[in-house]
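What follows is a short report on a single structure.
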Amino acid sequence: MESRVKELRQDAGLSQEALGRAVGVSRQTINSLEKGRYDPSLRLAVALARHFRLSVEEIFDVDAP
Amino acid sequence: MSTHPKRGPLGVSWLNVVFAAALLIAGVLVAVLSARGLAFGLVLCALAVIQFGAAWWAVHRSDNDLARINALEYADERERQVARAGLAAVGAVALIGSLALVVVGFVLDDARVPLEAIAPWSVLVLYGTWGIANWVAAKRM
C-alpha cells in the first residue's frame with residue numbers, strides 16, 4: 001500500500017528509528033511501510049495518524065491498486 | 001503503543017524460557033537414562049544454553065529483524081507476521097515430507113529405514129526451510 005509515511009517523517013525531521021520508537025515498532029517496520037511492502041494493522045495505522053495529527057486516509061492510499 | 005509480549009527472566013520471552021528448559025531437561029534425561037546417549041545429552045544441554053543466549057542477544061544486543069524472528073523474539077506486528085509466514089512454510093514442507101514418507105513406505109514394502117536415520121534429516125530439512133522461509137518473508141514484507 002502506498003503511503004506518505006516517508007514524506008511526513010522527513011518533514012518532521014525524524015529518523016526511522018525515532019518514528020518506530022514513537023509508535024512502538026522497529027526501524028525495519030517503518031522502512032517496510034515506507035517502501036509499500038508492508039500493510040500496517042489498524043492499530044499501527046491509527047498510531048501513525050495520531051502521531052502526525054492526520055487521518056489514516058491522509059497517510060495511506062487505501063484505494064491504490 | 002507497545003507490542004512487546006510479557007517477558008520472562010533476563011527479558012527473554014516465556015516461549016524461549018520454556019524451549020530452553022525443555023532442551024535442558026531432555027539433555028539431562030538422555031545423558032542419564034540412555035545407555036549410549038551421554039554425548040547427545042551434552043549436545044542438547046549445550047543447545048539449551050546457545051538457544052537461551054541467542055534469544056537474549058536478539059532482545060538486548062541485535063538491531064536485526066531476522067535475528068529476532070529466528071530467535072522467536074518478535075519486536076512488533078510485522079515480525080510476528082513474517083514469523084507466521086515462515087512457520088506456515090515449515091508446516092507445508094512437513095506435510096509434504098510426511099506424505100512422501102508414507103508413500104515410500106507403502107511402495108517399498110521391504111524398505112527398512114530406521115527412524116534414527118530419518119529423524120535427524122527431517123529436523124535438518126525443517127530447520128533449513130524455516131531459516132530460508134523467514135529470510136524470504138522478511139525481504140518481501
* Quick one: would you say B:G37 is in the same structural domain as B:G128 (by TED's automatic domain parsing) and buried (at least 16 other Cβ atoms within 10 Å of the Cβ)? -> no
* Asked: Tell me, which helices (runs of 4 or more DSSP H) wholly within segment B:51-141 include 3 or more residues that are surrounded by fewer than 19 Cβ atoms within 10 Å (Cβ to Cβ) and within 14 Å of another protein chain (Cβ to nearest Cβ)?
  -> B:77-107, B:115-140
* Asked: In the list A:G24, A:G13, which residue meets the criterion of being at the interface with chain B (Cβ under 9 Å from one of its Cβ atoms), free of Cβ contacts under 8 Å to residues at least 24 places away in the same chain and surrounded by fewer than 19 Cβ atoms within 10 Å (Cβ to Cβ)?
  -> A:G24
* Asked: Could you list, in sequence order, the residues of segment A:8-56 that are touching a strand residue (DSSP E or B) at 6+ places or on another chain (Cβ under 9 Å) and part of a helix (DSSP H, G or I)?
  -> A:L33, A:E34, A:A45, A:L48, A:A49
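The values are calculated or read from the model by the stated rules, or taken from the named source; none is laboratory data. Predicted, not measured: the structure shown is a model, and the values here were computed from it. Counting neighbours? That spans all protein chains shown, and the Cβs are built from the backbone with ideal geometry, glycine included.
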